[in-house]
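The structure appears right after this line, and notes come after that.
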Amino acid sequence: MKRPAATLSPRPALALGFALLLSASMYFYVQYLLIPYQRTYASTHDIPRGNLSDLYPRWLGARALLLDHRDPYAAELTREIQVGYYGRPLDPARPEDPRDQQAFAYPVYVVLLLFPTVKLPFNTVQFGFRWLLIGLALITLLFWLRAFRFRVRPSTLAIAGMLTLSSFPVVQGIKLQQMSLLVSGMIAGCIVLLVEGQLLAAGVLLALATIKPQLVVLLLAWLFLWALGDWEHRRRLVWGSLGALAVLFAVSEYVLPGWIGRFLHALEAYRQYNDGARSVLEVLVTPLWGMVLTALVVLALAVICWRHRRVPSDSVLFGWITALVLASTVLIAPKTSPYNQVLLLPGVLLVIQRWPALWTERRVTRVILLSFGLVLAWPWLAALFLTLASLVVPTATLQKAWAVPLYTSLAIPVIEFVILQLGTAKLGPEQPS
């Protein structure tokens, strides 16, 4: 007798359907409201728009260095990058031109990752990289679930996958081919390897993630401090990381002698022409008070990490501290771009898992949890509203509401940081995951 085909019960099927609706709405909002608005605004204000791919400056720099032996940090190459990225070189005499020069402001060893692509046309590279980021976003989710020892049903995993791919940070990162998504995947892979006891490999992956140092510096400090907490058993993490960095620096020096000085000069130039780039904290308050809050965040984080430096990597507390470190990174990094919020994913997963326990705490904790749920869901709900409104409201009118789904963008990392700090204080170091 044949076994009847398995079917979803009404509740999971309804949840899957709703998640699909939210995901489709987010893509409709980005593709048919946000991007057309940006194009119209750029056209009316004479703002150049080229391929707008974050990969392009790195790819062209790698191509110039490896094939033509040219300095990727040179001003003339920056102008070539602008032709592809913006469609023309930037003109300081035009007040509406972007301030970001799109110079090659990465460590030179990023070209080692791009080496296989330098002989390919950029359209092919761009197409492949876009699909790589889509797959990597899903793999990153699976990495965090494995690192935290989550056991989820297939329907729950499908919902999580759809919401991850349709979250605005991931959608924006894929559209712009942002390397933050690549670094996020490396970080998740590093933590999985740590939990699995593969410390040497974890260190190597951590070193590779330093292609975007501002996203890794706090995590690197935390993991090195954690390694010092039990040096005899954890030193392979440090040796793996330092060894890989030594190789990367040596190879980089071979292909471009004196690259460190050029890189530091490029960073200084980046800070000058991006003087308006502020951290989340600086935008929410003022630059001065933002710096004060940044110092307090780092100090609080240092105290927590020092106190729990001996915690096992397979404990709940290790996961919470790591998520707190990544949330702190989003708070203090000198850029508020939503695509960096892919680093908030592990914190979101941990808060959702521990929601029932946190809900039994004080009333203020419940208020914070509700606030977090609201600001987290807002982009999807707003995108859904705009999608439904498009059935009766002219597109030109809806485009005026382009910013509505982004209203809670700055609040998400702040509230997550608060919840993770509260949750960390409630956990003991002996709790297994």
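The table below lists the values:
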{"read-out": "Qualifying residues in the stretch 146-178 (those that are over 15 Å from the mean Cα position of the chain (by Cα) and among the polar types (S, T, N, Q)) - the one farthest from Ala188 (Cα to Cα)", "value": "Ser155"}
{"read-out": "Hits in the stretch 230-284 - residues which are within 25 Å of the chain's Cα centre (by Cα) and of a type in the set (D, E, K, R)", "value": "Glu268, Arg271, Asp275, Arg278, Glu282"}
{"read-out": "Residue that is surrounded by the fewest Cβ atoms within 10 Å (Cβ to Cβ), among those in the stretch 70-92 that are of a type outside the set (A, V, I, L, M, F, W, C) and not in a loop (DSSP other than H, G, I, E, B)", "value": "Glu76"}
{"read-out": "Among the candidates Ala333, Ala323, Ala300, Ala327, residue that is touching a residue at least 60 places away in the same chain (Cβ under 8 Å) and either farther than 30 Å from Leu133 by Cα or surrounded by fewer than 21 Cβ atoms within 10 Å (Cβ to Cβ) (or both)", "value": "Ala300"}
{"read-out": "Which listed residue, of Phe115, Phe143, Phe148, Phe127, is surrounded by fewer than 21 Cβ atoms within 10 Å (Cβ to Cβ) and touching a residue at least 24 places away in the same chain (Cβ under 8 Å)", "value": "Phe115"}
{"read-out": "Complete set of residues in the stretch 284-297 that are surrounded by 14 or more Cβ atoms within 10 Å (Cβ to Cβ) and under 21 Å from Trp222 (Cβ atoms)", "value": "Leu293, Thr294, Val297"}
{"read-out": "Selection status of Ser43, hydroxyl-bearing (Ser, Thr, Tyr), in a loop (DSSP other than H, G, I, E, B) and more than 22 Å from Phe249 (Cβ to Cβ)", "value": "no"}
{"read-out": "Which listed residue, of Leu391, Leu374, Leu317, is part of a helix (DSSP H, G or I), hydrophobic (A, V, I, L, M, F, W, C) and either at pLDDT below 95 or buried (at least 18 other Cβ atoms within 10 Å of the Cβ) (or both)", "value": "Leu317"}
{"read-out": "Scope the stretch 353-380; condition touching a residue at least 24 places away in the same chain (Cβ under 8 Å) and within 24 Å of the chain's Cα centre (by Cα); matching residues", "value": "Gln353, Arg354, Ile368, Leu369, Ser371, Phe372, Leu374, Val375, Leu376, Trp378, Pro379, Trp380"}
{"read-out": "Given (1) closer than 21 Å to Ile174 by Cα; (2) not in a helix (DSSP H, G or I), number of the condition Pro95 does not satisfy", "value": "(1)"}
{"read-out": "Some residue of the stretch 256-278 being surrounded by 12 or more Cβ atoms within 10 Å (Cβ to Cβ), touching a Pro at 6+ places or on another chain (Cβ under 6 Å) and farther than 20 Å from Ala75 by Cα", "value": "yes"}
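The values are calculated or read from the model by the stated rules, or taken from the named source; none is laboratory data. Owing to the predicted nature of the structure, the values given are computational and were not obtained by experimental measurement. Because the Cβ atoms are built from the backbone with ideal geometry, glycine has one as well, and the counts that use them run over all protein chains shown.
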